[in-house]
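Participant: Dumping the structure here so I can ask a few things about it.
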Amino acid sequence: MSQATWGLLALAAACLTLRAAGLWLAGPLRPDHPFIRWAASVAVATLSAFIVLAVLAPAGALAAIPWPARLAGAVAALAVLLAPGERVLAALLAGLGATGAVWWLAA
Amino acid sequence: MRAGFRAALGAPSIAMAATFLGFSAAVAAAGLGLGWGLAAGAFVYGMPGQLILLAGVTAGGSIWPAVASAVAANARFLPMAVSLAPWLGGGRARWLALPFIAVTPWAGGMRALPGLPPEERLRWFMGFALGCWGTALLACAAGFALAPALPGWLLALLVFSNPLYFGLLLAMDRANPTTRRAVIGGALASPLVLVLPAAWGLLAAGLIGGTLAFLWGARR
């Protein structure tokens, strides 16, 4: 097997183990248990940090998009979401549209 | 189960499809096979880790540093599984959800499950999760076929739909003070990623920002 396949197998096993450990650790605890609330807080904070970095200081493919375009996309998506009706699909499409438009204007 | 599946068709599926389409096109560009892309989508099922592993494969050399970074980037599965578990019921049946715990099903579940009767929660989650997972794998296959025709700017936009959608999910939960505090904590801790290795930095930002947010909430 190639290194790519071994790496994939190892990563898949590790991800499954992380999920299993979470289900096992939670055991019979109720949703309002402090440990569960702490874990939820850590999960949301991790996601929040991931999003902030993807918009403000991304690596990889996202770095090809100029920062004004990323920021415009995030602002447009939020603006549409906060409008009456809270339409998430429209907000997502508006965000992608604004990102593409500002990128095209900046090019 | 049908209600969950229907809920997955819409914004969650579009965001998943766009992201996995972009990932799969990048897999094809790296010279890897469709089987590798599908296996990554199905069994890792966590885009930051998938992208880090792919970058490691593309860079050449030993794969193990990339694997370690990818595991750290996907370490959020642990707290996500802990926080989701009580909503899936206490029996062994909750283990059916094991392979599907990822950001989109977790966020959808955390929003919908508290409002459902306990006996319907696991079925709803399985429908939602299977809808997202199936869409992701179909998009993976489509992305592989379309890869030669997709320009770089479109791939970047497709990948951007992922954080954009996650941001919308968090914004939809803005009325919940616990979520608000955790979002602020994570955002304030995010510069840690710039001073620590990227994958470990994200984990550190989540742990520090999330713990401070939890303590902030406990004091109020």
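Participant: Which residues, counting only those in the stretch A:49-69, are touching a helix residue (DSSP H, G or I) at 6+ places or on another chain (Cβ under 6 Å) and more than 7 Å from every other protein chain (Cβ to nearest Cβ)?
Facilitator: A:P66, A:P68, A:A69
Participant: Based on what the data block shows, is B:N74 in contact with a Cys (Cβ under 6 Å, 6 or more places away or on another chain) and either of a type outside the set (G, A, S) or buried (at least 23 other Cβ atoms within 10 Å of the Cβ) (or both)?
Facilitator: The answer is yes for B:N74.
Participant: Go through the stretch B:1-47 residue by residue and tally those that are under 17 Å from the mean Cα position of the chain (by Cα), in a loop (DSSP other than H, G, I, E, B) and more than 10 Å from chain A (Cβ to nearest Cβ).
Facilitator: 1
Participant: Taking the stretch B:62-80 as the region of interest, how many residues are more than 21 Å from A:A20 (Cα to Cα) and facing chain A (nearest Cβ under 9 Å)? So that I can check it myself, show each step before the final result.
Facilitator: At the first step, the residues of the stretch B:62-80 found to be more than 21 Å from A:A20 (Cα to Cα) are B:62-66.
Imposing the further condition that a residue be facing chain A (nearest Cβ under 9 Å) reduces the set to B:62-64, B:66.
Looking only at that region, the number is 4.
Participant: What are the residues in the stretch B:89-119 that are in a helix (DSSP H, G or I) and more than 10 Å from chain A (Cβ to nearest Cβ), if any? Steps first, please.
Facilitator: Our first condition is that a residue be in a helix (DSSP H, G or I); within the stretch B:89-119, this holds for B:92-100, B:103-115, B:118-119.
Listed by number, the residues that qualify are B:R92, B:A93, B:L96, B:T104, B:P105, B:G108, B:G109, B:R111, B:A112, B:G115, B:P118, B:E119.
Participant: Now for a separate question. Could you tell me which residue of the stretch A:71-91 is farthest from B:L53 (Cα to Cα), considering only residues that are at pLDDT 90 or above and facing chain B (nearest Cβ under 7 Å)?
Facilitator: A:L81
Participant: Ok, one more. When you go through A:L71, A:L47, A:L81 one by one, which is the residue that is closer than 30 Å to B:W87 by Cβ, in a helix (DSSP H, G or I) and either more than 14 Å from the chain's Cα centre (by Cα) or in the same structural domain as A:A98 (by TED's automatic domain parsing) (or both)?
Facilitator: After ruling out the rest, the residue left standing is A:L81.
Participant: Does B:P148 satisfy the condition of being away from chain A (no Cβ under 13 Å), out of contact with any Pro (no Cβ under 7 Å at 6 or more places or on another chain), farther than 18 Å from A:L23 by Cα and free of Cβ contacts under 8 Å to residues at least 12 places away in the same chain?
Facilitator: no
Participant: Next question. Which of the following residues is of a type in the set (S, T, N, Q) and over 22 Å from B:P99 (Cβ atoms): B:T58, B:T19?
Facilitator: Only one candidate qualifies: B:T58.
The values are calculated or read from the model by the stated rules, or taken from the named source; none is laboratory data. In this text, all values refer to a predicted model and were calculated from it rather than measured experimentally. Positions of Cβ are backbone-derived with ideal geometry, glycine not excepted, and every protein chain shown enters the neighbour counts.
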